[in-house]
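The values are calculated or read from the model by the stated rules, or taken from the named source; none is laboratory data. Since the model is a prediction, treat every value here as computed from it, not as a measurement. All Cβ positions, glycine included, derive from the backbone under ideal geometry; neighbour counts span all protein chains shown.
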Amino acid sequence: MDDPRAKLNDALKEAMKSKENERRDVIRMALSAVKQIEIDTQKEVDSAGVIDVLQKEAKKRRESIDEMAKAGREESAAQEKRELDILEEFLPTQLTSDEIAAIVNEIIVQVGATSAKDMNKVMGPLMQRVKGLADGKLVNQIAREILK
């Protein structure tokens with residue numbers, strides 16, 4: 001796995017050269033979030049750790065978009081969406097709903113789940129398998145639909 005930090009630094013330099021202030025600010029925020037974790041834990045963050053940080057930041061944006069849209073703050077929601085789009089450039093390609101459903105079905109067969117009562121049996125191995133490749137909320141929703 002390539003180190004996303006190098007991609008972030010290159011993109012930051014490019015954004016600064018081309019005077020893309022919004023892009024520059026989002027990338028700086030992401031890099032500072034990684035740096036803060038390194039300071040807090042007093043350990044260097046590896047590639048997987050950087051991706052975790054980016055995913056947490058993306059999740060914050062998704063939640064903010066939902067909340068702002070509900071509150072009628074469309075301009076703020078649009079700003080968060082632009083930030084999310086920038087962050088997603090540095091994340092691994094996300095699985096589609098069909099790919100997630102195929103994995104859910106595979107896990108259901110492996111653990112022998114038969115109903116919604118078996119959701120806990122399915123979610124543990126499922127989340128291990130799709131970690132970093134799909135939004136947990138979407139995975140949970142698809143698993144619930146299949147296990148009805």
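A few remarks follow.
- Here Gly124 meets the list (1) farther than 17 Å from Lys7 by Cβ; (2) small (Gly, Ala, Ser); (3) in contact (Cβ under 8 Å) with a residue 12 or more places away in the chain almost entirely, failing just condition (3).
- Of the residues screened, Met16 is one that is surrounded by 14 or more Cβ atoms within 10 Å (Cβ to Cβ) and without any contact (Cβ under 8 Å) to a residue 12 or more places away in the chain.
- Residue identified as touching a residue at least 40 places away in the same chain (Cβ under 8 Å) and either under 30 Å from Glu145 (Cβ atoms) or surrounded by fewer than 18 Cβ atoms within 10 Å (Cβ to Cβ) (or both) among Ala77, Ala69, Ala101: Ala101
- For region 5-23, the tally of residues that are assigned to a helix (DSSP H, G or I) and hydroxyl-bearing (Ser, Thr, Tyr) stands at 0.
For (1) surrounded by 12 or more Cβ atoms within 10 Å (Cβ to Cβ); (2) of a type in the set (Asp, Glu); (3) not assigned by TED's automatic domain parsing to the domain that holds Gln128, each residue gets a yes or a no:
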| residue | (1), (2), (3) |
| --- | --- |
| Leu12 | yes, no, yes |
| Glu22 | yes, yes, yes |
| Thr41 | no, no, yes |
| Val45 | yes, no, yes |
| Glu83 | yes, yes, yes |
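- Contact map, region 131-142: residues that are assigned by TED's automatic domain parsing to the domain that holds Asn120 paired with residues that are among the aliphatic types (A, V, I, L, M) and part of a helix (DSSP H, G or I), Cβ distance under 6 Å, separation 6+ or inter-chain. Pairs shown: Gly132/Ile51; Ala134/Ile100; Val139/Ile100; Val139/Val130; Ile142/Ile100; Ile142/Ala101; Ile142/Val104.
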